[in-house]
Structures are given as structure tokens and as C-alpha cells.
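Okay, so here's the structure we're looking at.
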Amino acid sequence: MGLSVEPKSHFTVEDDVCDNIPQVIQLMFEQHATYNEWTPELHARFVEQYIKALDPTKTRLLMSDVKEIRVVLQETISKVAAGQCTDITVINDRVLERAEEDLEFARGFLGQDYHLNQGATKLTDVEQRVYPENSAAKESLMANIIHFQVAEYMVDGATIDNAKKKVIESYERSATHFAGRSFLELADTLMDSVGASLDPHTTYFTPAELGEFNIMLTHSFEGVGVDIVVRNGAFYVGSVLPGGGAARGGKLRVGDKIMRVTQEDGKMVSVAGLSLDDVVALLRGPKGTSVTLTVSKEGPDGTKKHVITIVRDKIKVDNEKATLKIDTVRPDGAKGLQTPYKVGIIDLKGFYMEDLREEDAGSSARDVKELLRKAKEQNLDGLVIDLSQNPGGFLDAAVEIAGYFIQKGAIVKMGVSAQQGLERVSDEDLHVEFAGPVVILVSRMSASASEILAGALKAYSRAVVVGDTNTFGKGTTQTLTGEGMRGQGAVKVTVGFFYIPDGRSTQHDGVKSDVVIPSMTDRDGNDERDLEYSLVPAQVEPFVSFGANPLFGASRYQPVTDQQIEVLKRRSAERVSRDKGFKEIKRLQDRADRGGVVKAADLIKGAHETEDKTKGLVIDPTLQLQEAKKILADLIQLQRAGAARPVVVGGKGKGSGLDIGQ
């Protein structure tokens, strides 16, 4: 039976959302760096991306479903352009039908007669999987999946009965999630699939997603100041955030169950059946406005309802604010060194920027500058900048921070290609905030603006980059626009590439570490280059500025040389080879790389083996950082020894050529 419009679809088309879809697609093509119109190839990509979004693990839909959806999608874009969006509801009716079937199968399969089959197999590579041909093949697949799900819970310590219960609950949540999706959420999947057909970073943001994106960039939001958690479909206060209206009022407590939300205009909404995004949207709003919550509180006399009015305020999210820690460390072979080096570690998890028109506005650049001034006051011998958990953020903040370590110079160029013209962004402030030795710690999670900072300071021989083999490799730049969308979210579109001063784009290759430190994140297959339809970068002429290093004075830094890096690599490799923690990382990496088909028995056996072999051994999550500090100590020692030697202009050192003409 083919897909058709049911007399009563579970989902209802919302005309304003439907009318917005063509505008979103138009904005994507108008501003994209590479594509400006539909092509047969792009349409084929869109179809596959949409199907993948509906069933990313190839475990819900039948092959016949996929074929029928492909046929429907051939005309969906043209229909949507004409204001007809019923295809979206028709397709999602089928997905909901399969989710409800999966729930019923799980309930029956995990009945009283269930026995864990440790011989059940699972293909770990989704790309190698195929959609089940029929219901019998689907049930066989489901049985294997459920065996694995039960085994995973048991590995975590659950009894078999408790594991069965948890698996059924997961299928219940899945069916409830699909049934509760709004038409905006369904349309979001379609618009995101259009964006994904262009490149991995072009996408549509619903109003809720846009709010979360802005919070990530600005580290602030306006609302009542609580975190919400969901338990069994109900909404509870998970935490009360310091500085917010809820904290000042003191009446709303962790564990309170939210039942109703009433706005200033008297409009009351029951949260029953709403999504988490909907509840969060009800609680957020402009600073100074009020909102009234009806909550259920547990007390010694049982459960009672309370009505609490809270004035919204601006809440700063400081859990990812830049921080400075001070430590001491000795270099290798420092037997005669009486005093260890005093070093600082700046942990920078993102490049954030609030509205700088506000008096108390914060930004990562301002915060880092203040930390560097504290570092000066402490007379630190060197600095580690930890970007290993930094996915990017505001480019301007990264450029400003890079400028703190050089006198002046170009940091990045942006645009599609040299032929179409590139925008050059430079540091023009002559002040150097820190002139001592610098090590930058990166990982495969370091992306975008963090790659600009690491790549620029490496190009100027200003810092040694250490950590994973390379960073993530996101070298594209995006713009955010809500033009013509009547408050219905925004579109993020890829508009060009980043180029660092050595002329390379960070796209795909990222920034390579001078000294590689083993970690569990350093594995191929999850970088930008591995994403579908990732844009291929070009290369431009190097644009290293020759005014980066002052000619003399306290602000002059010692450029890192190739000879120094070779010594650092050798010393680090010797330490790593002796360390039990790094040896365990290597063992776990080898095991993780096996892939292919695995058995439920392997899962259980592997857990027992790991428990036996690592008994008493806990891998320090800061292992990479500890080694980065030792590399910094070695660098301080090498540069101090080198400072006593005459400088040879025009030598083969990595940074020697940068001194010419300064």
C-alpha cells in the first residue's frame, strides 16, 4: 500500500509554517558559497538526507517504506513552493506507525518467556546496513537490537528484569516523541535536509533552536533562571540558577513539578503533553516581565499545589567561562633545577560575546585579557591555552585573543576564493598581553574559531600546538539571517572559507599538532572531512605579517623553532611510552577500532575484561593536559637556553624568517 493522505492524519499542517519553508530554502541558495540553485544532484541528496533524518539507524522503516517515501519526495519541494505541505504529514504518519509497531513488538518480545541471546549480532557500521525487506526481516532485526539493549543495561549493573523495563520505557518514549511532534518540528526536518544537501553546516533554526544557539554564543539568556528535567513525561525543576528571579524569590525549589504556566496577560497553559522546548519557551521572556507557575511540591503533609510569580531577568551561564589555574612543573632532566616553573592553564571552552553595549557585558576576549593580566602579576614562566573542548564561536573574539600574543598582524582571511576577493581580519593593537612561552592544547573537538587561534599562533611561530593529531577541520564560515521569516526562526548558511596566515584553509586538514599526545578522541572517521557533502577548500597565498614580533623590549617573544619542536617530540614520546594511563588508552583504541559485526556476548565479556584489566587503574581525564604542561616546561627550558645564544637571521628555524624586517 502506497503512502496516501489519511482521512484524519495524526499531524495538522500549520499554514504559517508551510508558507515559511520556501523562504528558508530561498535564503539558503541566495547566500550559499557554492550552490545557488537546485540541481538534480542536490535534489537526490535532499531525498537521501531526509530519509536518513527519519531513520538514521535504518532500524525503523521497511525497504518498501523507503521506496514509497522516495517517490513522494520527488514532488515535495515543488508542492511546498506552491503552499502544499501535506506530503510532510503523510510521511511522518508512516514513521509514527512504525514507531508504535516497534513499541508493541518490544512489549511482546520482552515478556515473561524472554531469555537474553548472547549470540545475537549487530552490524556496528550503519552505512553497511540495509533496510529490512519485510515485516519478518524487521522483527528479526528488532530482536537482535533488543538483545543488545538489554545487554547494555546489564553491563551497567541492571538486573535482567530491570533491563527489560528500561528497554520498553525507551520505546515508549520514542513513540511518545514521534506522536507529540509539532508541524514545525516536522517541517524543521525537511528544511534541515535541504541544508544538509548543500553542506554539513547550512541549517534552519526553529525559534527554540535559535534561542539555544544564541545562549551558546552569548553565555546568557533571559528567563526565570531554572533548568528543567523530564521524568516520565512530567517536568521538574532540575536546578535553580544563581542570579535569576527564581533564586531571588526563593520559593521555587529543586524537585518541584511544573503543572501550569501563566503569562502577564493572564493566558494560562497546562504543560501536560508539551515538549521540553515548548515548556522552556514559556518560561523564557524579556527581562522585567513576570510569569506565574503552578507547581506541585512534596512535603511532610503530602503533595500540595503552590502558585509562584517570578520576575524574569538576564541569566549569565558561567559554567563555560574562561578560567585560569596556576601550577608548577619541572622539565625533563632538570635535576639541578631548584625551583619548578610556575605555569598557567587557561581553559577556554568557547568564544562567547554578550551585547557589548551593556555595562556588565562579558566576552571571552575580555575574560582572557583579564586572566593574562593576572598571569603577569603572578610572573608566570609560561602558559597552556586549553582549546581541547572548544567547538568555536565568535570569530572576532578569536582574532582579538590571538592579538594578545603578537604585536600586530593578519590573523585570518575569509571568503570563497582569492579570485572572488577575500576579507582580511588583522590585529592592529600594538600591545602584547603575554610574551612568554605558549603551548596550545587541541583535540579533534577543537573547531572553527579555535582552529583560527591555534593556526594563527602556529603560523607566527608563537606557540607549540599539542594534543590530538589534528583539530576537527571546520574551515567554513557561516552567516545567520532571519530576513523575511516573521519571527519563525533563522537560517544559518555557509558563505565562505577561513584561511590562516600560512595560506591554508583549516577546512578538512584542520591544524596539525607539533607534538601528538595520545587520547581517546584521536580517531579518524569523525572529522569535518568525513561529513557528507563537506565543501572542498582551496588555498591562497601566505599572508604572514612581518610586524608580529617586536624588535626589542619585554613584549618580544622567542619564535618556536623546528629544532625545539624535535626535542619536545622526543621528550614527550619517552614520557608517554612509560605512562600506564597512555598505555591503557592505546589498548582501548585498538579495541574500539575493531568495528564490524559484534555479538551481545562480546559486549558482556568486554565489560568484564575491562573491569579485570583496569582494576585499580583509572585513566586520568586530564592526562593530555598534564603532558601539555610538561611539554611547556621543556619549551621554557629550551627557550631560556636559546636566549643566551646569538640570533642567526635567515636560518632554517621554523620562526627565524619571521624576524626579518620587523
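The values are calculated or read from the model by the stated rules, or taken from the named source; none is laboratory data. Note that the coordinates shown come from a computational prediction; the quantities given were computed from them, not determined experimentally. For neighbour counting, all protein chains shown are included, and Cβ atoms are generated from backbone atoms with ideal geometry for every residue, glycine included. Note: accessible area is taken over every heavy atom of the protein model, side chains too, but ligands, DNA and RNA are not part of it. Shrake-Rupley method; radii C 1.70, N 1.55, O 1.52, S 1.80 Å.
If I fit a long axis through the Cα atoms of helix 40-54 and take the longest principal axis of the Cα atoms of the chain, what angle between them do I get, 0 to 90°, rounded to 10?
70 degrees
Carbon and sulfur atoms: what percent of the 1.4 Å accessible area of the stretch 86-189 do they account for?
Its accessible area is 48 percent carbon and sulfur atoms.
At a Förster distance of 41 Å, what's the computed FRET efficiency of Glu127 paired with Phe213, Cβ-Cβ distance as r, to 0.05?
Efficiency computed from Cβ-Cβ geometry: 0.90.
Accessible area per residue for the stretch 1-137 in Å², computed with a 1.4 Å probe and the full protein assembly in place, what is it?
Dividing the accessible area of the stretch 1-137 by its residue count gives 52 Å².
Multiplying the sequence separation of Ile228 and Arg486 by 0.36 nm and subtracting their Cα-Cα distance, what value in nm do you get?
Gain on stretching Ile228 to Arg486: 90.1 nm.
Sequence-distant or interchain residues sharing an amide H contact under 5 Å with Thr506, placed H: which?
Phe498, Ile500
Let a ≥ b ≥ c be the square roots of the eigenvalues of the Cα gyration tensor of the stretch 208-252; is it rounded (a/c under 1.5), or, if not, prolate (a/b larger than b/c) or oblate?
Because a/c hits 1.5 or more and a/b fails to exceed b/c, the stretch 208-252 counts as oblate.
Note the per residue figure in Å³ for the convex hull of the C-alpha positions in the stretch 33-183.
149 Å³
Measuring from the lowest to the highest alpha carbon on each principal axis, how far does the stretch 1-82 reach, largest first, in angstroms?
39, 28, 20
What accessible area per residue, rounded to a whole number of Å², is obtained for the stretch 413-496 using a probe radius of 1.4 Å?
30 Å²
To one decimal place, what orientation-averaged projected area in nm² is obtained for the convex hull of the Cα set of the chain?
Result: 34.9 nm².
If a paramagnetic tag sat 7 Å from the Cα of Glu37 along the Cα-Cβ line, which residues of the stretch 181-200 would have the backbone N under 11 Å from that point?
From the stretch 181-200, the list is empty.
Looking at the calculated P(r) for the stretch 307-461, what percent of the C-alpha pair distances fall above 18 Å?
Roughly 63 percent, once rounded to a whole number.
If the limit is 20 Å between Cα atoms, which of Lys325/Lys583; Lys251/Lys304; Lys321/Lys458; Lys122/Lys164 go over it?
Lys325/Lys583; Lys321/Lys458
When the C-alpha atoms of the stretch 442-520 are aligned to their principal axes, what extent does each axis show, in angstrom, from largest down?
If we take the Cα atoms of the stretch 442-520, the spans are 50, 30, 18 Å.
As an exercise, find the ratio Rg/Rh for the stretch 89-248 from alpha-carbon atoms, using the Kirkwood inverse-distance average for Rh.
Taking Rh as the inverse mean 1/r over Cα pairs, Rg/Rh reads 1.04.
If you roll a 1.4 angstrom probe over the protein chains with everything in place, what fraction of the accessible area of the stretch 411-559 belongs to carbon and sulfur, to the nearest %?
After summing per-atom areas, the C and S share lands at 52 percent.
With everything on Cα atoms, drop me the angle between helix 63-81 and the longest principal axis of the chain, reported from 0 to 90° to the nearest 10.
Helix 63-81 sits at roughly 80 degrees to that axis.
When all C-alpha to C-alpha distances in the stretch 161-294 are sorted into bins of 5 Å, what percent of pairs does each bin hold, rounded to whole numbers?
2, 8, 15, 18, 18, 16, 11, 8, 3, 1, 0
Please determine, in degrees from 0 to 90 and to the nearest 10, the orientation of helix 207-218 with respect to the longest principal axis defined by the Cα atoms of the chain, where the helix direction is its Cα long axis.
20 degrees
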